[in-house]
2 protein chains.
Amino acid sequence: MPAPHATSHACPIRDVLDRVGDAWSVLVITELNKGPCRFNALRRVVDGISQRMLAVTLRQLERDGLVSRRVTDGRPPQVTYGLTARGVSLHAALAPLADWAARHQQAIRDSRAAFEATQALAA
Amino acid sequence: MPAPHATSHACPIRDVLDRVGDAWSVLVITELNKGPCRFNALRRVVDGISQRMLAVTLRQLERDGLVSRRVTDGRPPQVTYGLTARGVSLHAALAPLADWAARHQQAIRDSRAAFEATQALAA
DNA sequence: CTGTATCCATGCCGATACTG
DNA sequence: CAGTATCGGCATGGATACAG
């Protein structure tokens, strides 16, 4: 998105999707919802995320007050991340969408296959 | 996302977000939820979307069985888009997220401002 | 009016290397 | 362990031109 459009102001969900739509955010939130977690532990469990994207994602979430960052200096230094109350509430708001996804997953795959079959005929 | 990761299979919400996270999809679905709409009418109301992205977005949604496409040939030719039952159910599943967004919008902006103020101090 | 095809700028993100 | 900095490839998406 190059510039904020007219619809942006009127549509708060657009803002949320910009944050949540990157896919990593939701995975991180889902993991943290299970309980606080350290950086590298998160890195292992999210699987596939690069060190950079985990750092960036966590910064964004922290910035938005969705994730808390607690530093316990020592040898070695530890940083523990967790969901804030706001983060938990976002996770809850995500639940219906997750349900929908789970319930329609297969039907969507079928539709997609059918659609592509039609396209193949046309070509 | 370069390749499907381990988490992908287990996490259906990831699939949905890939579809819905592009921001245009949600706006189009929201508009169509108000009632059927023609291509150019949609183009005007979504505001900011390019012809290309509207076409691509509609194709994807149709492909997934979320949007129906009805052609009424004539002079000039007309194409009307509308939500399918599945599309309506997705819109419903999106509602809690939209509510959350509306309710936390301001708080997030505040958090962000505060965070950036802190960062400015550090620098 | 409703698209499709092409071109090209932008920006995302993974890989890598380095720091406290 | 927990990051930041930099580079470079690749996909996204706007602009434009063209077609049915």
Worksheet item: Going by the conditions given, is A:GLY48 more than 13 Å from the chain's Cα centre (by Cα), facing chain B (nearest Cβ under 7 Å) and more than 20 Å from B:GLN105 (Cβ to Cβ)?
Response: yes
Fill in: Of the criteria (1) modelled with pLDDT under 95; (2) of a type in the set (S, T, N, Q); (3) surrounded by 13 or more Cβ atoms within 10 Å (Cβ to Cβ), which one A:THR84 fails
(1)
Discussion item. Please go through (1) within 15 Å of DNA strand C (Cβ to nearest atom); (2) modelled with pLDDT of 90 or more for A:LEU66 and return the number of the only condition it doesn't satisfy.
Written reply: (1)
Response to the item:
Expected output for region A:17-42 (first residue under 18 Å from A:ALA101 (Cα atoms), partner outside any helix (DSSP H, G or I), Cβ below 6 Å, 6+ apart or cross-chain) is A:LEU17/B:GLY21; A:LEU17/B:ALA23; A:GLY21/B:GLY21; A:TRP24/A:ILE49
Practice prompt. State whether one or more residues within region A:3-23 are within 11 Å of DNA strand C (Cβ to nearest atom) and more than 16 Å from the chain's Cα centre (by Cα).
Written response: yes
Worksheet item: Do you know which of the residues in region A:36-71 that are β-branched (Val, Ile, Thr) and farther than 15 Å from A:ARG86 by Cβ is most open to solvent (accessible area, probe 1.4 Å)?
Response: A:VAL71
Response to the item:
Scanning region B:73-92 for residues that are in a strand (DSSP E or B) and either of a type in the set (Val, Ile, Thr) or away from DNA strand D (no atom under 14 Å from the Cβ) (or both) gives B:VAL79, B:THR80, B:TYR81, B:GLY82, B:LEU83
Discussion item. Can you find a residue that is open to solvent by less than 40 Å² (accessible area, probe 1.4 Å) and either among the hydroxyl-bearing types (Ser, Thr, Tyr) or farther than 18 Å from B:CYS11 by Cβ (or both) anywhere in region A:90-109?
Written reply: no
Item to complete: Assess whether A:ALA114 counts as being facing chain B (nearest Cβ under 9 Å), of a type outside the set (Val, Ile, Thr) and closer than 21 Å to A:LEU17 by Cβ.
Response: no
Worksheet item: Taking the condition over 23 Å from the mean Cα position of the chain (by Cα), in a helix (DSSP H, G or I) and more than 9 Å from chain B (Cβ to nearest Cβ), does A:ALA55 pass?
Response: no
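Filter region B:68-91 down to the residues that are at the interface with chain A (Cβ under 8 Å from one of its Cβ atoms) and out of contact with any helix residue (DSSP H, G or I) (no Cβ under 7 Å at 6 or more places or on another chain) and list them by number.
Selection gives nothing.
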Discussion item. Taking the conditions exactly as written (in a helix (DSSP H, G or I) and within 14 Å of the chain's Cα centre (by Cα)), does B:GLU62 satisfy them or not?
Written reply: yes
Practice prompt. Check region B:32-42 and report whether any residue there is within 21 Å of A:ASP22 (Cβ to Cβ), away from DNA strand D (no atom under 16 Å from the Cβ) and at pLDDT 95 or above.
Written response: no
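The values are calculated or read from the model by the stated rules, or taken from the named source; none is laboratory data. Since the structure is predicted, the reported quantities are computational estimates derived from the model, not experimental observations. Ideal geometry is used to build each Cβ from the backbone, glycine not excepted, and the neighbour counts take in all protein chains shown. Side chains included, ligands, DNA and RNA excluded: accessible areas come from the protein's heavy atoms. Shrake-Rupley method; radii C 1.70, N 1.55, O 1.52, S 1.80 Å.
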